[in-house]
1. Identify all aspartates and glutamates with a Cα-Cα distance to K48 below 16 Å; exclude those on the same chain that are fewer than 8 residues away in sequence.
2. Report relative contact order for the chain in percent, whole number only (criteria: Cα-Cα under 8 Å, sequence separation at least 6).
3. Would you compute, from DSSP H runs of 4+ residues alone, the mean residue ellipticity of the chain at 222 nm, taking -39500 (n - 2.57) per run and dividing by the full residue count, rounded to the nearest 500?
4. What's the long-distance tail for the chain, i.e. % of Cα pairs beyond 29 Å?
5. Given charges of +1 on the Cβ of Lys and Arg and -1 on the Cβ of Asp and Glu, with all other atoms neutral, how large is the dipole of segment 42-191 about its Cα centre, in debye to the nearest 20?
6. Quickly rank 61-72, 89-100 as a protection proxy: mean count of other C-beta atoms within 10 Å, highest first.
7. Which residues in segment 133-152 place their backbone N less than 13 Å from a point set 7 Å from the Cα of T45 along the Cα-to-Cβ direction?
8. So for each of 35-48, 158-171, 117-130 I average, over its residues, the number of other beta carbons within 10 Å; can you give me the resulting order with the highest mean first?
Amino acid sequence: MSIEEDSLSGISGILKENDFETVYNSWKKLERGFIAPSTNVALRTPIKWNTRRWIKKNYKGKLRHCHTVTRPSYRVGLTPRILRPPPCYLLAFLSKVHQYKLSGRLDRSQKITQQIANGGKLCITHTCGNGPGRNKMPGDICVNPNHMTLRTYQYNYEQRRCHEALEACTTEAERQEFFDSKKCTHFPKCF
Ligand SMILES: [Zn+2]
Ligand SMILES: [Zn+2]
């Protein structure tokens, strides 16, 4: 089982003891690079961000930035009873619920909450194709919350075809050709 397939069980593990606001605050701490006092040398290593890790144009020609962070997982601010710190991309995704609430987009916030509650066959998909799996190291997973949505496994699997085609492109013209071909039927559109 890949990390992606396990993502909803990871989410319910976090939410068992933390509400969305707590998760959001933890995510904000990670964004600021906050390190908890620790005797573990690895955990005291400064957190570095790369907010320009991959920059790609989407079908509208708009630039999309993938973010990565040099920490496989993070749990500062979360209830310490969480034994396994969650991967950063899970925090990123869950932070959206409270972020939407803060910006007054309650319908979006409620939709994600509902999707999580229904759980089951859903998983986190990356519109940018830089999700976990396929020899990805934890620091190589995109943690830009805007690039993540909850979809079915089948949908996630089908997105791979788009991303493989896009990765095979060597020029912007080829990427544009792919977008124009309308082969991507996903929403939001793969890029
Ligand atoms: Zn991304
Ligand atoms: Zn697609």
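1. Answer for K48, where 16 Å is the Cα cut-off: E31, D140, listed by chain and number.
2. Relative contact order for the chain comes out at 25 percent.
3. Result for the chain: -13000 deg cm²/dmol, rounded to the nearest 500.
4. In whole percent, the share of Cα-Cα pairs in the chain beyond 29 Å is 23.
5. So the dipole magnitude of segment 42-191 works out to roughly 480 debye.
6. 89-100, 61-72
7. The answer is 138-140.
8. Going by the mean number of other Cβ atoms within 10 Å, highest first, we get 117-130, 158-171, 35-48.
FYI, it's all coordinate maths here, none of it is from the lab. Keep in mind it's a predicted model, so treat the numbers as computed, not measured. Quick reminder, even Gly has a Cβ in these numbers, built from the backbone with ideal geometry, and neighbours come from all protein chains shown.
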